[in-house]
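For reference, the structure discussed in these notes is given below.
Every number here is computed from the coordinates shown, using simple stated rules; none is lab data. Note that the structure is a prediction, hence the values are computed from the model and not measured. Please note: Cβ atoms are built from the backbone with ideal geometry, for glycine as well, and neighbour counts cover all protein chains shown.
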Ligand code: B1M
């Protein structure tokens, strides 16, 4: 892996404009739109990387080498696209590691993974092994440290996202959590509080490692210092009222611990944008477009109203859509991602976007 | 009136109350089929419709289904004694490589809500397991859920395996899940595609009646 400037021409500028957007977002002011091109090379790593190929007990080095080689290839491929993408490294283990750090095993498939629910009764969380002692807690830190060692000196930021307390509780308790909302709401709060604490401890330990290796670099701690990235996928299953009652306080606890929240949810839960964006100090909400749901790009006006200034990251299908919605998007903060067929197309649309911005 | 109450309490997820009222309805000599259709199934259909329109959410559907099951517990012996025939049998799963089970579970509950017996094979289920299950349980319906573009092709793998095992015409294959479309269902040779759980149960019932 080379130093970060080998993969990004306008490093300072990209960070500066992102920082402005997120500062404005937290302050509730709009007016920022950033552009990200998504060439096939950005996602090839997810297609090529086979999670079942590695022995996580005995040969983490092979895993780390191959992951970093894939990342290097994708950073190098897009180095001439001057969009707002910023290289970052971090473990890719599917989705199982997002909950197995508490307890349990990860089941690996080629391009994904999962862990199975472990809480037969909701109060069983009280009998879980102490946080930090599970196999995958230690393994995750080991993998992170290996990646950090191998990329030390490159200045490439380390990045890690987390499940929100509700996502984690759902992974641990499975579908039963939905019955618990009705049967034992107090215990749901206790479990969610446990999940918030677990996330805080896990993130703190990861961040400390990042600080050890990247603390002195210019941008190495960009994704970790004073920030937390969390997904609210399971919130898509519940109402806004239930979100406010059960989830908001615990998600807020995690955000408050770190400073600013960078959240993720789905277009399935467009009705929740308001709830999530009204949590304190949320800077960013990545609203993934779902296959069977309305597309966020078609609902900009509604999103501006609900977002409270929070920067909403969405995708679109064509550049014309960006042009058509540009003025509306300017009323809030948006980070827009356009899938492109090639690097050349990525360069072309980034240039067109700059022209649109400077008009 | 009592049937109306059963339906209303079921929609609120009041399992204990539903159980008591079903017993009361039986004591009042209301026929088991009437209690099933006008009380339990009616309540579950209303919840299914509300879910489709985002008026209620996953927890509400699940507790309603639980209330229905508690009513069915009381009703089942009376239904059997009255000679009411089972509507039909289905096996359901999320296909291999895929762990998304929330939608699959809702489809299962809506099928059960129509009085269909459902055998749930869980998630990450491969073609051999389905073929084996069809041979063992002789279901009328095979219901396959897939949420990933990478796993929806496994619905075809399963249909092909049923053909290869010579048992394809013994079952109606229904498919669904977020990325699945009618076009895709036609392409892979499924018998039905539905976009949501309530429609899946209606389609299933229509197949069983024919
Ligand atoms: C038989 O006949 C029928 C008929 C109708 C049928 C049917 C069968 N089956 C379903 N239906 C229909 O009726 C149901 C009720 O009306 C409906 O079912 P649905 O399941 O669609 O709806 C449910 C009621 C609610 N919806 C859901 O439960 C799915 C919601 C979303 C947000 C979602 C969730 C929650 C999760 N996920 Co996943 N997840 C997404 C989903 C986005 C979306 N909106 O679909 C989707 C499906 N996920 C995706 C991805 C990528 C992934 N997820 C993953 C993991 C997870 C969680 C664990 C976090 C969680 C699943 C928890 C669980 N136990 O199920 C991973 C895969 C794991 C795996 N191998 O399966 C992972 C690969 C992420 C990763 N980095 O590893 C995306 C797939 C993209 C694609 N094109 O393939 C995705 C569309 C999100 C996105 N926009 O990117 C209908 O589709």
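Details
- Label-point gap, in nm, between residue A:193 and residue A:19 - each point 7 angstrom along Cα→Cβ: 3.8
- Measure of compaction for chain B (Cα Rg per 2.2 N^0.38 Å): 1.04
- Put the Cα centre of region A:41-65 next to the Cα centre of region A:76-132 and the gap is 14 Å.
- Over 21 Å [Cα-Cα, region B:63-139], rounded percent: 36
- FRET efficiency, residue A:46 to residue B:209 (Cβ-Cβ, R0 45 Å, nearest 0.05): 0.50
- The eigenvalues of the Cα gyration tensor, multiplied by 5 and square-rooted, give region A:177-273 an equivalent ellipsoid with semi-axes of 29, 16, 9 Å from largest to smallest.
- Helix B:127-137 axis, angle to chain B major axis (alpha carbon atoms, nearest 10°): 40
- Of B:45, B:145, the sequence from fewest to most neighbouring Cβ atoms within 10 angstrom is B:45, B:145.
- Compactness index (Cα Rg / 2.2 N^0.38 Å), region B:121-166: 1.10
- Using R0 = 30 Å, the C-beta based FRET efficiency linking residue A:10 and residue A:65 works out to 0.55.
- On Cα atoms only, tilt of B:58-81 relative to the major axis of chain B in degrees: 70
- Bins of 10 Å, starting at 0 and running to the largest distance - Cα pair percent for region A:1-83: 15, 33, 28, 19, 5, 0
- Backbone N within region A:109-129 under 19 Å of label point (7 Å from residue A:186 Cα along the Cβ vector): A:121-127
- Rg ratio for region A:238-359: its Cα radius of gyration over 2.2 N^0.38 Å, N being its residue count, equals 1.14.
- Of all DSSP beta bridges in chain A, antiparallel share, percent nearest 5: 10
- Over all directions, the projected convex hull of the C-alpha atoms in the protein assembly as shown averages 27.0 nm² in area.
- Placing a label point 7 Å from the Cα of residue B:150 along the Cα-to-Cβ line, the residues of region A:101-130 whose backbone N sits under 18 Å from it are A:106-116.
- Using every pair of distinct Cα positions in region A:233-279, the Kirkwood expression returns a hydrodynamic radius of 10.8 angstrom.
- Proxy reagent accessibility, fewest Cβ within 10 Å first, across A:48, A:233, A:256: A:48, A:256, A:233
- Anisotropy class of region A:11-167 from Cα gyration tensor, a/c 1.5 cut: oblate
- Calculated [θ] (222 nm, deg cm²/dmol) that DSSP helices of n ≥ 4 give over the protein assembly as shown, each run adding -39,500 (n - 2.57): -15000 deg cm²/dmol
- Overall, the anisotropy analysis places region B:144-210 in the oblate class: the square-rooted eigenvalues a ≥ b ≥ c of its C-alpha gyration tensor yield a/c not less than 1.5, with a/b not exceeding b/c.
- Alpha-carbon spread of region B:1-61, three principal axes, descending order, Å: 37, 19, 15
- Chain A, relative contact order in percent, only Cα pairs under 8 angstrom and at least six apart counted: 22
- Shielding of B:148-157 by partner chains, average beta-carbon count, 10 Å: 1
- For region B:88-209: rounded, prolate or oblate by the Cα gyration tensor [a/c cutoff 1.5]: rounded
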